Amino acid sequence: MGERILVLDAGTTSTRAMVFGADGALHHMAQRPLTQHYPRPGWVEHDADEIWQRTLACAREVMASAGGAGAIAAIGITNQRETVVAWDRNSGEPLARAIVWQDRRTAPLCAQLKDEGHERAVQRRTGLLLDPYFSATKMRWLLDNEAAVRAAAERRALALGTVESWLVHKLSGGAFVTDASNASRTLLLPLDGAGFDPGLCALFDIPPPALADVVDTHGTLAVASADVLGAAIPVCGLAGDQQAATVGQGCLAPGETKATYGTGAFILTNQGDRVPASGHRLLGTVLTQREGRRRYALEGSVFVAGSLVQWIRDSLGLIGSAAETEALARSIPDSGGVTIVPALSGLGAPHWQADARGVIAGLSFASGRAQIARAALEAMAHQTHDLAAAFAADGESWQALRIDGGMSANDWMAQDLANMLGIAVERPDFVETTAFGAAILAAVGAGFHASLDDAVGAMRGAVRRFEPAMAGDVREERLARWRRALAAAVPAD
């Protein structure tokens, strides 16, 4: 048996495989892009078979580089959360395109359920709000609108799951499980309940036989087939990407907070074993589970972060690469009054406005690509500031913020976050903490380390710290502009 850990990181815009050592060192990595399908405004879809085939190709590539399947002791999987895959449990084939977490097509159903008065009870039980972001209404849409999905449900062959569940099914040749962290994003799992709740399934009209068994986030959770990978390898870590990143950042004590800036931006504060309850439209979620014992987090979710820079690059053509934004931001003293509200997929926490649309405010003839690039980066701090206020109102004021994800490599943005939040911002040298967190979970699940704390101590590397350095009046002027632009993004009643 080998001593290395294979991590599969199925994200929104790409899927990757990495091989880590038990000491946390990254040895090999492979990456493939994922095709984004936008069949209608507000709709976002993936090809589930493409996710599988490209993830498998990445896995085989890094395993070959590591010396073959015999070098791998355990597998950790992390994934884009809330995205729903429907497949046939007998054939293992997808029945429709996957509906991605960003998709907003179920906004009318969410509005109907709110009007019927269900949101308060749903939030109390699941920690979540009635928003198209979450999985249950996507499952309902597939059942209502895809004939193949309905037919599979009628013959009790339907599997409805999130991406980690899909990958485990394909790797193992039939296991049907979902970990507690991903299950807690479906609207179907009570935060204090062991499995999916029949009453919640009834509310969303989801057939319970179509749902996976809920398992721990680390331990021996399934076994990848030798027919697929060349050896039978245990899957020892499973977690949604944001929970994995929280572990990867070492936020294992109550109050410790991380923010991941990837396609979206997601901030989690560790709540320990206390079931979270928010009065300010934040989310409660399962952070980890071992032998049925859960740790929780309070979460704020922003739908658009790095995808805003991608849009500026691909749709507006103002930059050739995301890396250009840092030099452009530094080339001017301020944004020239330009403010961007990146509500390209509606607004997430703490606003939760599914119908909001993006705004670029304050344009003049003096505005150019530098001003727009800087305003895009400033939008990250503005959105994070709104979340900081909501967390504080819920009694969770941040003492420091640990950041990661692709955007966090931008030094200008990291410093701007510290300036606007008025607290220290810490960034690890290795910013891909989603995959790293999955490696930590798998390392503990495989018995390489006795606990998550031990694994973090042994595997986590150096950290850089950014201290706030902005005058209060400058901060307030920016926040005033942000609030004016934010009001324009939200449709009038």
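Taking the range 112-122, which residues are in a helix (DSSP H, G or I), of a type outside the set (Asp, Glu) and free of Cβ contacts under 8 Å to residues at least 40 places away in the same chain? Please lay out each step first, then the result.
Residues of the range 112-122 in a helix (DSSP H, G or I): 112-115, 119-122.
Pick out the ones that are also of a type outside the set (Asp, Glu) and you get 112-114, 120-122.
Of everything in the range 112-122, those that are in a helix (DSSP H, G or I), of a type outside the set (Asp, Glu) and free of Cβ contacts under 8 Å to residues at least 40 places away in the same chain turn out to be Gln112, Lys114, Arg120, Ala121.
For the range 63-86, the set of residues classified as in a helix (DSSP H, G or I) and either buried (at least 22 other Cβ atoms within 10 Å of the Cβ) or out of contact with any strand residue (DSSP E or B) (no Cβ under 8 Å at 6 or more places or on another chain) (or both) consists of Met63, Ala64, Gly70, listed by residue number. The residue list Ala194, Ala152 contains one member that is out of contact with any Ser or Thr (no Cβ under 7 Å at 6 or more places or on another chain), more than 29 Å from Gln271 (Cα to Cα) and in the same structural domain as Gln102 (by TED's automatic domain parsing), which is Ala152. Could we say that Leu441 is under 30 Å from Arg4 (Cβ atoms) and under 21 Å from the mean Cα position of the chain (by Cα) here? When the stated conditions are applied, Leu441 passes them.
Limited to the range 32-44, what total is found for residues that are free of Cβ contacts under 8 Å to residues at least 40 places away in the same chain, exposed (fewer than 15 other Cβ atoms within 10 Å of the Cβ) and in a strand (DSSP E or B)? Qualifying residue count, the range 32-44: 1.
Screening Glu476, Glu426 for residues that are surrounded by fewer than 21 Cβ atoms within 10 Å (Cβ to Cβ), under 29 Å from Thr13 (Cα atoms) and not basic (Lys, Arg) leaves exactly one candidate, Glu426.
Summed over the range 1-46, the residues that are under 30 Å from Val456 (Cα atoms), among the acidic types (Asp, Glu) and under 20 Å from the mean Cα position of the chain (by Cα) give a count of 1. A single member of Glu164, Glu154, Glu146 is under 20 Å from Arg97 (Cα atoms), acidic (Asp, Glu) and under 20 Å from the mean Cα position of the chain (by Cα), and it is Glu164.
Among the residues making up the range 6-27, those that are over 30 Å from Ile99 (Cβ atoms) and either surrounded by 19 or more Cβ atoms within 10 Å (Cβ to Cβ) or in contact with a His (Cβ under 9 Å, 6 or more places away or on another chain) (or both) are Val19, Phe20, Gly21, Ala22, Gly24. Residues in the range 9-27 that are of a type in the set (Asp, Glu) and either more than 29 Å from Gly447 (Cα to Cα) or at pLDDT 95 or above (or both): Asp9 only. Checked against (1) touching a Lys or Arg at 6+ places or on another chain (Cβ under 9 Å); (2) under 21 Å from Phe303 (Cβ atoms); (3) not in a helix (DSSP H, G or I), Phe430 meets all criteria but (2). Taking the range 259-285 as the range and being closer than 17 Å to Phe134 by Cβ and in a loop (DSSP other than H, G, I, E, B) as the test, the residues that pass are Thr263, Gly264, Pro276, Ser278, Arg281, Leu282. Taking the range 28-61 as the range and being modelled with pLDDT of 95 or more and among the charged types (D, E, K, R) as the test, the residues that pass are Arg32, Glu45, Asp47, Asp49, Glu50, Arg54, Arg60, Glu61.
Would you say Ala175 is assigned to a loop (DSSP other than H, G, I, E, B), in contact with a helix residue (DSSP H, G or I) (Cβ under 7 Å, 6 or more places away or on another chain) and on the phi < 0 side of the Ramachandran plot? Spelling it out, Ala175 is indeed assigned to a loop (DSSP other than H, G, I, E, B), in contact with a helix residue (DSSP H, G or I) (Cβ under 7 Å, 6 or more places away or on another chain) and on the phi < 0 side of the Ramachandran plot. You will find that of Ala245, Ala239, Ala231, the residue that is touching a residue at least 24 places away in the same chain (Cβ under 8 Å), touching a helix residue (DSSP H, G or I) at 6+ places or on another chain (Cβ under 6 Å) and assigned to a helix (DSSP H, G or I) is Ala245 and no other.
Assessment of the range 141-155 against the conditions (in contact with a Leu (Cβ under 7 Å, 6 or more places away or on another chain) and over 27 Å from Pro41 (Cβ atoms)) yields at least one matching residue.
When Phe266, Phe303 are screened for being free of Cβ contacts under 8 Å to residues at least 40 places away in the same chain and either surrounded by 24 or more Cβ atoms within 10 Å (Cβ to Cβ) or within 17 Å of Ala390 (Cα to Cα) (or both), only Phe266 passes.
Looking only at the range 339-381, residues that are in a helix (DSSP H, G or I) and of a type outside the set (A, V, I, L, M, F, W, C) come to 4 in all. Residues that are touching a helix residue (DSSP H, G or I) at 6+ places or on another chain (Cβ under 9 Å) and part of a loop (DSSP other than H, G, I, E, B) within the range 397-425 comprise Ser397, Trp398, Gly405, Asn410, Gly422, Ile423, listed in sequence order.
Only one of the numbered conditions (1) in a helix (DSSP H, G or I); (2) closer than 17 Å to Leu268 by Cα; (3) of a type in the set (D, E, K, R) is violated by Asp454, and that is (2).
The residue pairs whose first member lies in the range 1-16 and is more than 15 Å from Gly68 (Cα to Cα) and free of Cβ contacts under 8 Å to residues at least 40 places away in the same chain, whose second member is part of a loop (DSSP other than H, G, I, E, B) and not small (Gly, Ala, Ser), and whose beta carbons are closer than 8 Å, counting only pairs six or more residues apart or on different chains, are Ser14/Leu34. The residues on offer are Asp394, Asp411, and the sole one that is touching a Gly at 6+ places or on another chain (Cβ under 7 Å), over 24 Å from Ala74 (Cβ atoms) and touching a residue at least 40 places away in the same chain (Cβ under 8 Å) is Asp394.
Residue-by-condition table, conditions (1) closer than 21 Å to Thr434 by Cα; (2) among the aliphatic types (A, V, I, L, M):
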position: Ala17; (1), (2): yes, yes
position: Asp47; (1), (2): no, no
position: Ile51; (1), (2): yes, yes
position: Cys58; (1), (2): yes, no
position: Val84; (1), (2): yes, yes
position: Asp88; (1), (2): no, no
position: Ala96; (1), (2): no, yes
position: Gln112; (1), (2): no, no
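The values are calculated or read from the model by the stated rules, or taken from the named source; none is laboratory data. None of these values were measured; they are calculated from a predicted model. Methodologically, a virtual Cβ is constructed for each residue, glycine included, from the backbone with ideal geometry; neighbour enumeration extends over all protein chains shown.
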